[in-house]
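Inspection log for the structure reproduced underneath, given as structure tokens.
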């Protein structure tokens, strides 16, 4: 992990780290560099992709619609709301 | 002067015709008041777990088979991370590593003959919410009704070369998906939207040019204009250096007829796809695969051929019916209920289509089943229902469906309840005939004097009094007999 990659990840995740926080994150990754390299060294040629860690498949539900939640109960969770909408800082 | 070739690939989003959303049981219907079809799962509340809707998998497989794809027998969902207020979980659940269908093709007609457009993949995913800009508060309002509505995205290879081919491809997709009842696929309703990936290169070159993507195009006419504009812009940039072409997402302003830069396009790595650990893999066994395969409809062109060669319809009638799966179902249902093919075709093409048109509905929204239409036609043919009242009855059946009620099983009983059946009481007919002749002796005498056309106003007056509820042949015979009595 280099600083340029970290800055890119910050942008993608809409984060803004101080230079001290950046240093801490970079140190965290640097300390584990050997672990990553050990993992990368494993030969995975001809190994089938593991689809899931649990041996379960086809956990599905039937296509039946049920009563929705009460809107007001959900809007309580919104930082701001207006006229039945979640209200967020302008993005358009 | 260099000749150029436009290279186009489409990503087409189709909203699936399910009852409920893809990962929760909220209603799939986003036209309601904001945030009235939502729950903690589709609002991205922490700790809520998705459970995939079986019908979405069925429809994904159906679409794949209709587009000649290979079906992945193990298909999985993945998380695509990006931040935007219409995506409450901050990731979209989609398919990246093992989409439901791959490697298909759609055949379109071109002036040079049939052409296969290769399908790279079809993946299933959830839709995002809707954003509304509020001009008074300068904030953005978010409606999550559409969040988690099921979509398939059909990704073509860059095999399209001009706006005509794109139009033919989209129309063919729409027809196939409507016939298979995967979706209404209506661009004007937003249930079919296309992203257009376009680049330009010198004709004959194998190397692709710089690609731009125009997102969420919602009409074929706008797509045509956007393709023409973008092609000209790319050629101008290449030939005259008017600007540096960059890989980016662009918007299309249809009023101004121009595209505009929205953002530099993310790469796949930026989305940090990873398998969704909350949704177990879906394994499609032979029984499931075969069941979906057996449910596929005849293609429209196969039905056309069948209707003409084996049922004996004219090309005009067969073409009109095979524009719509609902028309075909109604036609076949009416015949199964005993209607003659030509009668059934006429009632659908003329009367049903007329009512649909008047109500601003599409042919795929025909609410009258073939069994009901077949019974209605039998009542008219049997002289129990006048043709005019048959049309009234049909209109009434549309009203029933519009109110959300079930179409009655017994159409004769329904027609009787509605007071539309012909009177079987000849005494009533004779009384009306006598009254009409007595009220207009001059016209009656004119008929007796040999003016045959004088029968028409008398017949019309009888029909008016009977409110159209009679066997017209019986009435005519009674009227003539009464006049001849002198």
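None of the figures in this text is laboratory data; all of them are computed from the coordinates on show. None of these values were measured; they are calculated from a predicted model. Please note: Cβ atoms are built from the backbone with ideal geometry, for glycine as well, and neighbour counts cover all protein chains shown.
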Q | Computed FRET value (nearest 0.05) for residue B:253 with residue A:59, which takes r as the C-beta separation and R₀ as 51 Å | A | 0.70
(Q) Sort B:391-403, A:45-57 by the packing proxy (mean of other Cβ within 10 Å over each peptide's residues), most packed first. (A) B:391-403, A:45-57
Q. In Å and whole numbers, how far do the C-alpha atoms of segment B:228-338 stretch along each principal axis, longest first?
A. 68, 46, 24
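Using square roots of five times the C-alpha gyration tensor eigenvalues, list the equivalent-ellipsoid semi-axes of segment A:1-59 in whole Å, biggest first. Spell out each step's value before the answer.
On the way: eigenvalues 200, 69, 21 Å².
After diagonalising the Cα gyration tensor, the semi-axes are 32, 19, 10 Å.
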Q.
Taking 0.36 nm per residue of sequence separation and subtracting the Cα-Cα distance, how much length would be gained by fully extending the chain between residue B:293 and residue B:84, in nm to one decimal?
A. 71.4 nm
Q.
Using only the alpha-carbon atoms, what does segment A:43-82 span along each of its principal axes? Please give whole angstrom values in decreasing order.
A. 55, 29, 14
Q: Measure off 7 Å from each Cα along the Cα-to-Cβ vector at residue B:283 and residue B:399, then give the distance between these two points in nanometres to one decimal.
A: 5.6
Q) Relative to the longest principal axis of chain B, what angle (0 to 90°, nearest 10) does the C-alpha long axis of helix B:54-66 take? A) 90
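Note the full-extension length gain between residue A:73 and residue A:1 as 0.36 nm times their separation in residues minus their Cα-Cα distance, in nm to one decimal.
Values: separation 72, 0.36 × 72 = 25.92 nm, distance 4.28 nm.
21.6 nm is the gain from fully extending residue A:73 to residue A:1.
As an exercise, take the mean of 1/r over every pair of distinct alpha carbons in segment B:122-198, invert it, and state the Kirkwood radius in angstroms. List each step's numbers first, then the result.
Values: mean 1/r = 0.0679 Å⁻¹.
For segment B:122-198, the Kirkwood estimate is 14.7 Å.
Based only on the alpha carbon positions, what is the Kirkwood hydrodynamic radius of segment B:405-456, in angstrom?
Values: mean 1/r = 0.0719 Å⁻¹.
Value: 13.9 Å, from the Cα pair sum.
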Q: Output the Cα-based Rg and Dmax of the protein assembly as shown in Å, rounding Rg to one decimal and Dmax to a whole number.
A: 31.5, 117
Q) Using the eigenvalues of the Cα gyration tensor, what equivalent ellipsoid semi-axes result for chain B when each is taken as the square root of five times the eigenvalue, whole Å, largest first? A) 56, 27, 23
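Using a 10 Å cut-off around each Cβ, can you sort A:66, B:363 from fewest to most neighbouring Cβ atoms?
Values: A:66 12, B:363 21.
Listed from fewest to most nearby Cβ atoms, that is A:66, B:363.
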Q. R0 = 30 Å: FRET efficiency of residue B:272 with residue A:33, Cβ-based, nearest 0.05?
A. 0.90
Q | Alpha carbon Rg of segment B:290-359, scaled by the compact-globule rule 2.2 N^0.38 Å | A | 1.14
Q: Measure nothing but the geometry: give the 0 to 90° angle between the long axis through the Cα atoms of B:370-381 and the longest principal axis through the Cα atoms of chain B, rounded to 10°.
A: 20
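Let me confirm one metric for peptide B:269-281, namely the mean number of other chain beta-carbon atoms within 10 Å of its residues' beta-carbons. List each step's numbers first, then the result.
Numbers: counts 2, 4, 1, 3, 0, 0, 5, 1, 3, 1, 3, 9, 8.
Mean partner-chain Cβ count within 10 Å for B:269-281: 3.
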Q) What's the average, rounded to a whole number, of partner chain beta-carbon atoms within 10 Å of each residue's beta-carbon in A:78-90? A) 6
Q: Report the extension gain between residue B:2 and residue B:342 in nm, rounded to one decimal, defined as 0.36 nm multiplied by the number of residues separating them, less their alpha carbon distance.
A: 116.8 nm
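Take every DSSP beta bridge with both residues inside chain B and express the antiparallel ones as a percent of the total, to the nearest 5. Mind showing how you got there, number by number?
Values: 59 of 62 bridges.
The answer is about 95 percent antiparallel.
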Q.
Quick check: pseudo-label points 7 Å beyond the Cα along Cα→Cβ at residue B:309 and residue B:439, how many nm apart are they?
A. 5.8
Q: Tally the DSSP beta bridges in the protein assembly as shown and give the antiparallel ones as a percent, rounded to 5.
A: 95
**Q.** Cβ-derived FRET efficiency at R0 45 Å, residue A:50 paired with residue B:138, nearest 0.05
**A.** 0.40
(Q) Nearest 10 degrees is fine. How inclined is helix B:163-179 to the longest principal axis of chain B, computing both from alpha carbons? (A) 60
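Within 10 Å of each Cβ of B:135-144, how many other protein chain Cβ atoms are there on average?
Details: counts 0, 1, 4, 2, 10, 8, 9, 7, 3, 4.
For this peptide, the per-residue mean of nearby foreign Cβ atoms is 5.
How big is the Cα convex hull of segment B:182-239 in projection, averaged over all directions, in nm²?
On the way: hull surface 20.0 nm².
Averaging across all directions leaves 5.0 nm² for the Cα convex hull.
Take the Cα pairs of segment B:127-268, get the Kirkwood Rh, then feed it into Stokes-Einstein at 10 °C and 1.306 mPa s and tell me D in µm²/s. Show your work: numbers first, answer last.
Details: Rh = 17.1 Å.
Using the Kirkwood radius from Cα pairs, D works out to 93 µm²/s.
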